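Right, one structure below, let's go through it.
The values are calculated or read from the model by the stated rules, or taken from the named source; none is laboratory data. Predicted model only: the values in this text are computed from it and were never measured. Positions of Cβ are generated from backbone atoms using ideal geometry, with glycine treated the same way; all protein chains shown enter the neighbour counts. All accessible areas refer to the heavy atoms of the entire protein, side chains included, with ligands and DNA or RNA removed. Shrake-Rupley method; radii C 1.70, N 1.55, O 1.52, S 1.80 Å.
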Amino acid sequence: MTQELNYLKETPSQTAGPYVHIGLAPGAAGFDLYKQELGWDIAGPNAKGERIRIEGIVIDGTGSPVKDVLLEAWQANADGNYAHPEGGGDVEQGFRGWGRVITDFETGEWGFNTIKPGSTQGRNVGTQAPHINLWIVARGINVGLNTRIYFDDEAEANAADPVLNLVEWERRRATLIAKRTERDGAVVYRFDVKLQGEDETVFFDI
Amino acid sequence: MPKPGEFYQRDREWHPPALTRDYKTSVSRSPQYSLISLQNSVSEITGPVFGHNDIDPLDKDLIYNYAQPGESAIGERIILHGRVLDENGRPVPKTLVEAWQANAGGRYRHKKDTYLAPIDPNFGGCGRTLTDENGYYYFRTVKPGAYPWRNWVNSWRPAHIHMSIFGTGFAQRLITQCYFEGDPLIHKCPIVNTIPDPEAINRLIAPLDLNATIPLDTIAYKFDIVLRGRRSTLFENRLEGN
Ligand SMILES: [Fe+2]
């Protein structure tokens, strides 16, 4: 026998289920309970940088939209700093960098408004290309799925990004890159997520 | 003093796998390729910070947070309390814990829930709180009812409360479900049984806690939550090859 290590084990994950909105977005479930729901304003009014919108749909292995999904975004500000004590530096007053959205119950479309993040520091050296970290939960997803949104107008930074380069299949890297469009003068990036099947999105074990 | 470093690797054999055929919805919603394992960068070590301005003290009282003045939710009055710890056994202070659940009859206040059990007009079904400096949290609510769901035609969810926890880094983000000691439906549930290790399932079953009741008023269950712990950086990684 040896001494015991005495680490605790992480609490096991369970699916968020079909009624995740009640807990995390009750207004969407059909009732108002909180004075203030969390996560609807990612950047706040004072954030520098380019105002953008990101839209998409989550598609299951049958090719159908997932209509009961909830997504959370976590991102740095335009300077590449996260709103956290270890986030690299100061952020603007009111910048939280975190948001949550649900899909339209009929179409499965989701979207959020934010600012385009800057490059962030790499693990030890260098930088990471601008990206938004995404966490996806829904009925049928047993452990929340982590992925990243990169931007197609950052080709040079993307080519040097250490995480994109970890994806050894170059054609799979494209699943992580949002496509820039313009609509009524506003910048809208499209980022569809495929849970399974052809062009399955790259998910990370972080 | 060593600096905190990366989070310990998540034990993917302890958590449910993505594909669990007896939980049918997982079949078309489970990625087939392997997850790509990342060493943590600043993007994973950091996560949103919440404060008391974000929430209301009444948010953690599900018996009253949706009730009309002078009314309260119907059902068995319970306190659900515990601590949020990390794998090193250290408390996780000031972290956001969110909870949602069906009412005492097993019905959710959700436009997609059509179960015939009635809505309780005084029960919303969600709550949230911040842990204190010792990682402690509590909710007051009613014990949720079991309910049927479409998996097999005769599938029933054990009484459960859904829980969402943040921690300090996005890599700790977790959603789970709390079950209640003694419920015979627990081990028959295909969602519970997505978890392969019986010991891991036990970790989701809150025991009756007679020491935490309010006598003649409210019964209590204890539910501790463990989030991933962090390494201590004793020696910096060599820069070559990183
Ligand atoms: Fe549920």
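Filtering the range A:153-206 down to residues that are of a type in the set (Phe, Trp, Tyr) and open to solvent by less than 70 Å² (accessible area, probe 1.4 Å), which residue is farthest from the other protein chains (Cβ to nearest Cβ)? Explain how you work it out, then say what you get.
Within the range A:153-206, the subset of a type in the set (Phe, Trp, Tyr) is A:169, A:189, A:191, A:203-204.
Right, trim to open to solvent by less than 70 Å² (accessible area, probe 1.4 Å) and you get A:189, A:191, A:203-204.
Numbers: A:Tyr189: 18, A:Phe191: 16, A:Phe203: 5, A:Phe204: 5 Å.
By that ranking, first place goes to A:Tyr189.
Yes/no matrix, rows are residues, columns are (1) within 10 Å of chain B (Cβ to nearest Cβ); (2) open to solvent by less than 30 Å² (accessible area, probe 1.4 Å); (3) on the phi < 0 side of the Ramachandran plot; (4) hydroxyl-bearing (Ser, Thr, Tyr):
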site	(1), (2), (3), (4)
A:Ala43	no, yes, yes, no
A:Gly49	no, no, no, no
A:Arg53	no, no, yes, no
A:Gly61	yes, no, yes, no
A:His84	yes, yes, yes, no
A:Ile102	no, no, yes, no
A:Phe112	no, yes, yes, no
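Please go through the range A:4-20 and pick out each residue that is free of Cβ contacts under 8 Å to residues at least 40 places away in the same chain and more than 9 Å from the ligand (Cβ to nearest atom). Walk me through it before giving the result.
Filtering the range A:4-20 for residues free of Cβ contacts under 8 Å to residues at least 40 places away in the same chain gives A:4-12, A:19.
Passing the criteria: A:Glu4, A:Leu5, A:Asn6, A:Tyr7, A:Leu8, A:Lys9, A:Glu10, A:Thr11, A:Pro12.
Quick check on my filter: what residues within the range B:20-46 are assigned to a loop (DSSP other than H, G, I, E, B) and either charged (D, E, K, R) or under 19 Å from A:Thr127 (Cα atoms) (or both)?
The initial filter retains those residues of the range B:20-46 that are assigned to a loop (DSSP other than H, G, I, E, B), namely B:20-25, B:30-35, B:38-41, B:46.
Those that are assigned to a loop (DSSP other than H, G, I, E, B) and either charged (D, E, K, R) or under 19 Å from A:Thr127 (Cα atoms) (or both): B:Arg21, B:Asp22, B:Lys24, B:Leu38, B:Gln39, B:Asn40, B:Ser41, B:Thr46.
Need at least 2 residues that are open to solvent by less than 30 Å² (accessible area, probe 1.4 Å) per element, so show me which strands (runs of 3 or more DSSP E) inside the range B:126-234 make the cut, counting only ones lying wholly within it. Full working, then the answer.
Values: elements: B:126-130, B:136-142, B:147-149, B:155-157, B:160-165, B:174-180, B:219-222, B:225-227, B:230-233.
Those strands (runs of 3 or more DSSP E) span B:126-130, B:136-142, B:155-157, B:160-165, B:174-180, B:219-222, B:225-227.
Taking the options A:Ala73, A:Ala78, A:Ala43, A:Ala47, name whichever one is under 25 Å from B:Cys126 (Cβ atoms) and out of contact with any Pro (no Cβ under 6 Å at 6 or more places or on another chain). Please lay out each step first, then the result.
Numbers: A:Ala78 fails: under 25 Å from B:Cys126 (Cβ atoms); A:Ala43 fails: under 25 Å from B:Cys126 (Cβ atoms); A:Ala47 fails: under 25 Å from B:Cys126 (Cβ atoms).
After applying the criteria, what remains is A:Ala73.
Of all residues in the range B:70-86, count the ones that are under 26 Å from A:Leu38 (Cβ atoms) and not small (Gly, Ala, Ser).
Count: 8.
Quick one: how many residues across the range B:24-58 are touching a Ser or Thr at 6+ places or on another chain (Cβ under 9 Å), farther than 14 Å from A:Phe203 by Cβ and facing another protein chain (nearest Cβ under 7 Å)?
The total comes to 10.
Can you tell me how many residues within the range B:1-56 are under 19 Å from A:His84 (Cα atoms) and among the charged types (D, E, K, R)?
Total satisfying the criteria: 4.
Could you run through the range B:95-125 and say how many residues are of a type in the set (D, E, K, R), more than 21 Å from the chain's Cα centre (by Cα) and either more than 7 Å from chain A (Cβ to nearest Cβ) or open to solvent by less than 10 Å² (accessible area, probe 1.4 Å) (or both)? Break it down stepwise before answering.
Step one: filter the range B:95-125 for residues of a type in the set (D, E, K, R), giving B:98, B:107, B:109, B:111-113, B:120.
Those still in the list that are more than 21 Å from the chain's Cα centre (by Cα) too: B:111-112, B:120.
Then keep just the ones that are either more than 7 Å from chain A (Cβ to nearest Cβ) or open to solvent by less than 10 Å² (accessible area, probe 1.4 Å) (or both); that gives B:120.
Residues that pass the stated criteria total 1.
Go through (1) in contact (Cβ under 8 Å) with a residue 24 or more places away in the chain; (2) closer than 20 Å to B:Arg231 by Cα; (3) small (Gly, Ala, Ser) one by one and return the number of the condition B:Gly51 breaks.
Single failed check for B:Gly51: (2).
Could you check how many residues of the range B:196-215 are more than 16 Å from the ligand (Cβ to nearest atom) and facing another protein chain (nearest Cβ under 9 Å)?
5
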